[in-house]
Protein chains: 2
Amino acid sequence: MGKLVIVGTVAFDEIESPFGKTDKILGGAATFIGLAASQFNVDSTIVSIVGDDLPQAYLDLLTSKGIDISGIEIVQGGKTFYWKGKYHNDLNSRDTLVTELNTLADFNPVVPENYKDADIVMLGNLHPMVQMSVINQMAKRPNLIVLDTMNFWMDNALDDLLEVIKHIDVITINDEEARQLTGEYSLVTAAAKIQTMGPKYVVIKKGEHGALLFHDENIFFAPALPLKEVFDPTGAGDTFAGGFVGYLAATDNISFENMKNAVIHGSNLASFSVEKFGTERMETLERDEVNKRLHQFKALTQFDIELK
Amino acid sequence: MGKLVIVGTVAFDEIESPFGKTDKILGGAATFIGLAASQFNVDSTIVSIVGDDLPQAYLDLLTSKGIDISGIEIVQGGKTFYWKGKYHNDLNSRDTLVTELNTLADFNPVVPENYKDADIVMLGNLHPMVQMSVINQMAKRPNLIVLDTMNFWMDNALDDLLEVIKHIDVITINDEEARQLTGEYSLVTAAAKIQTMGPKYVVIKKGEHGALLFHDENIFFAPALPLKEVFDPTGAGDTFAGGFVGYLAATDNISFENMKNAVIHGSNLASFSVEKFGTERMETLERDEVNKRLHQFKALTQFDIELK
């Protein structure tokens with residue numbers, strides 16, 4: 001059972017989509033990553049910060065999934081990070097209506113002592129200096145450091161971002177962000193350029209069009225499962241990342257071949273996450289359902305051409 | 001060796017892209033389909049119409065690939081169909097600058113007598129009544145009728161289109177067109193609806209995002225090979241279709257399992273087609289190169305998760 005440190009937001013999300021709207025519900029990168037990783041046999045902790053306005057039931061949910069929450073700082077009298085967004089009709093784009101950093105503005109992550117020897121560190125989307133501080137706290141170099149980021153940090157903290165990615169092994173990033181970071185339109189060229197910046201593995205997320213894993217000259221592609229209905233894409237990328245690191249930690253194997261399986265597991269879990277608002281689907285997801293859908297992934301992608 | 005009838009345009013194309021521009025060069029749906037299908041062991045004929053302005057060398061090229069051209073009517077004093085287009089920077093969209101139907105305006109396709117018993121008929125993008133006329137000329141029901149179409153016919157000849165697709169087995173269509181034809185955003189739902197209109201198999205082409213094959217509850221996905229450079233997407237969809245039908249004709253097996261292989265072969269050939277302007281890459285493509293790239297497709301998509 002691999003040890004996994006997850007750093008990221010635990011938050012309130014409020015979502016409008018063509019299918020309806022929510023109140024303030026549980027969200028945040030670390031939440032989605034943690035719930036996805038909990039599908040595997042891992043010993044994980046979430047490092048985050050919240051206010052005391054976050055319902056205890058949300059924290060209890062994480063604990064019930066076997067996630068250690070001793071690294072979640074609860075600021076008395078503080079307010080939890082809050083994001084409100086509205087999806088457009090095609091669900092491929094959204095507008096951010098409200099972002100309130102609240103306690104996140106002063107987040108100084110503290111990795112619990114007994115997780116400083118973790119095998120894998122998953123740095124969810126946060127200020128690159130916060131991500132760097134977590135790396136610096138580890139007692140030994142983790143076997144694998146995975147980092148997620150977004151265009152906001154390229155626009156506002158590029159130097160810090162370029163510094164932290166020198167120290168990581170895998171970056172997960174979407175297609176437009178890969179292009180922005182490198183100035184290259186071709187994802188193959190962009191991924192090659194990113195590999196010269198630090199990470200030896202590059203995962204480019206293309207939403208409903210799947211995800212690409214790059215390493216040296218090797219490319220692997222995991223499709224997104226075609227679905228009749230997508231309800232709420234919030235957290236899909238984090239769920240993907242959680243499945244990716246959760247599977248790698250549980251199997252204790254960070255070879256490229258095993259990373260292929262990990263991106264399939266990540267895609268598989270993301271296909272559930274989008275079926276309901278927020279974390280709802282992930283909260284009740286059973287391993288039987290997960291295994292059943294893996295068969296669909298195999299049917300979707302495996303073919304039998306005799307190669308010459 | 002299966003017998004294949006290909007109906008479609010043999011044309012002049014003139015292309016501008018961010019990478020340069022061409023003079024009038026050889027193009028047309030039937031041309032790309034025929035060149036791709038010629039990679040397989042098939043006995044194919046092209047049914048089309050051209051003017052006597054088409055260089056003899058273009059016809060000789062087709063003949064040199066083993067394609068029968070007795071069904072290409074050459075109109076003395078007539079002019080060949082001409083299309084001029086300009087690609088935008090991302091190559092995913094283009095403007096049509098000129099369309100001159102010329103001889104195509106009066107195209108009455110005539111299937112050569114010795115191909116009226118063909119195993120497979122590939123109806124390239126044309127007026128649906130022209131496509132229907134080819135079906136009606138066949139002496140026996142072909143094992144498989146494949147039809148490609150586009151939004152133009154949905155806008156201008158929808159009733160005729162709905163009539164011809166009642167008589168076919170496989171439709172190839174792009175994602176936006178599938179949505180337009182059905183009014184459904186989800187491609188899964190759109191494909192299910194199209195299957196109630198006639199074709200038992202639906203291939204949805206997503207350009208650089210690959211292609212989906214639907215049949216009943218089954219879905220198969222073929223990615224597009226991620227490329228460092230895409231030079232000219234003209235003809236990629238037709239090359240895909242040509243690989244699809246060429247492989248099926250050569251293997252004489254139209255099962256869903258074999259169609260999976262066929263869409264991989266189609267994607268594989270399309271990945272070459274876009275590497276140079278027009279038909280240039282397909283003219284010199286060797287089977288060794290094709291086989292080598294199939295290994296890349298396998299590495300790109302195959303994984304080894306033990307299913308429970």
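Odds and ends about this structure:
- The lone exception for B:Thr63 - which of (1) among the polar types (S, T, N, Q); (2) farther than 20 Å from B:Val245 by Cα; (3) without any contact (Cβ under 8 Å) to a residue 24 or more places away in the chain it fails: (2)
- Scan of the stretch A:186-200 for residues that are within 11 Å of chain B (Cβ to nearest Cβ), surrounded by fewer than 21 Cβ atoms within 10 Å (Cβ to Cβ) and within 26 Å of A:Asp160 (Cβ to Cβ), ordered by number: A:Thr189, A:Ala192
- Matching residues, the stretch B:56-92, being surrounded by fewer than 18 Cβ atoms within 10 Å (Cβ to Cβ) and within 14 Å of another protein chain (Cβ to nearest Cβ): B:His88, B:Asn89, B:Asp90, B:Asn92
- Per-region count, the stretch B:233-255, residues farther than 19 Å from B:Ala192 by Cα and out of contact with any Leu (no Cβ under 8 Å at 6 or more places or on another chain): 12
- Only residues that are more than 25 Å from A:Gly78 (Cα to Cα) and in contact (Cβ under 8 Å) with a residue 12 or more places away in the chain were counted across the stretch A:95-136, and they come to 9.
- Checked against (1) within 14 Å of chain B (Cβ to nearest Cβ); (2) of a type in the set (A, V, I, L, M); (3) more than 30 Å from B:Leu187 (Cβ to Cβ), A:Val130 passes all but a single condition, namely (1).
- Taking the stretch A:66-78 as the range and being touching a residue at least 40 places away in the same chain (Cβ under 8 Å) and among the acidic types (Asp, Glu) as the test, only A:Asp68 passes.
- Residue ID - nearest to A:Leu158 (Cα to Cα), chosen from residues in the stretch A:171-185 that are free of Cβ contacts under 8 Å to residues at least 60 places away in the same chain and crowded, with 22+ Cβ neighbours inside 10 Å: A:Leu181
- Residue match in the stretch B:25-37 (condition: over 16 Å from the mean Cα position of the chain (by Cα) and in contact (Cβ under 8 Å) with a residue 40 or more places away in the chain): yes
- Counting only strands (runs of 3 or more DSSP E) wholly contained in the stretch B:1-59, the ones carrying 3 or more residues that are touching a helix residue (DSSP H, G or I) at 6+ places or on another chain (Cβ under 6 Å) and of a type in the set (Val, Ile, Thr) occupy B:2-7, B:42-51.
- Members of the stretch B:169-207 found to be in contact with a Pro (Cβ under 9 Å, 6 or more places away or on another chain) and modelled with pLDDT under 95, listed by number: B:Ser186, B:Gly207
For (1) surrounded by fewer than 23 Cβ atoms within 10 Å (Cβ to Cβ); (2) within 14 Å of chain B (Cβ to nearest Cβ), each residue gets a yes or a no:
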{"site": "A:Pro223", "(1), (2)": "no, yes"}
{"site": "A:Lys228", "(1), (2)": "yes, yes"}
{"site": "A:Pro233", "(1), (2)": "yes, yes"}
{"site": "A:Phe240", "(1), (2)": "no, no"}
{"site": "A:Tyr247", "(1), (2)": "no, yes"}
{"site": "A:Phe256", "(1), (2)": "yes, yes"}
{"site": "A:Val263", "(1), (2)": "no, yes"}
{"site": "A:Asn268", "(1), (2)": "no, yes"}
{"site": "A:Phe277", "(1), (2)": "yes, no"}
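- The residues in the stretch B:140-152 that are buried (at least 20 other Cβ atoms within 10 Å of the Cβ) and either modelled with pLDDT under 95 or not acidic (Asp, Glu) (or both) can be counted, and the count is 6.
- Residue check for B:Lys140: of a type in the set (Lys, Arg) and away from every other protein chain (no Cβ under 12 Å): yes
- Members of the stretch A:279-303 that are at the interface with another protein chain (Cβ under 7 Å from one of its Cβ atoms) and in a loop (DSSP other than H, G, I, E, B): A:Gln302, A:Phe303
- The condition (being closer than 24 Å to A:Gln302 by Cβ and in a strand (DSSP E or B)) is satisfied by just one residue among B:Phe221, B:Phe272, B:Phe240: B:Phe221.
- Cβ-Cβ distances below 6 Å connect the following pairs, each with a first residue in the stretch B:38-52 that is closer than 26 Å to B:Met132 by Cβ, a second residue that is modelled with pLDDT under 95 and surrounded by fewer than 20 Cβ atoms within 10 Å (Cβ to Cβ), and a separation of six or more residues or different chains: B:Asp43/B:Met1.
- Residue under evaluation A:Val203, criteria (1) part of a strand (DSSP E or B); (2) of a type in the set (A, V, I, L, M, F, W, C); (3) at the interface with another protein chain (Cβ under 9 Å from one of its Cβ atoms), criterion not met: (3)
- Residue under evaluation B:Leu248, criteria (1) over 10 Å from the mean Cα position of the chain (by Cα); (2) closer than 23 Å to A:Phe220 by Cα; (3) assigned to a helix (DSSP H, G or I), criterion not met: (2)
- Residues satisfying the stated conditions in the stretch B:206-215, i.e. within 14 Å of the chain's Cα centre (by Cα) and either more than 11 Å from chain A (Cβ to nearest Cβ) or within 11 Å of B:Phe240 (Cα to Cα) (or both): B:Gly207, B:Ala211
- The listed residue being at pLDDT 95 or above and out of contact with any helix residue (DSSP H, G or I) (no Cβ under 9 Å at 6 or more places or on another chain), out of B:Val111, B:Val134, B:Val121: B:Val134
The values are calculated or read from the model by the stated rules, or taken from the named source; none is laboratory data. Computed from a prediction, not measured in an experiment: that's the story for all the values here. Virtual Cβ from ideal backbone geometry, glycine too; neighbours counted across all protein chains shown.
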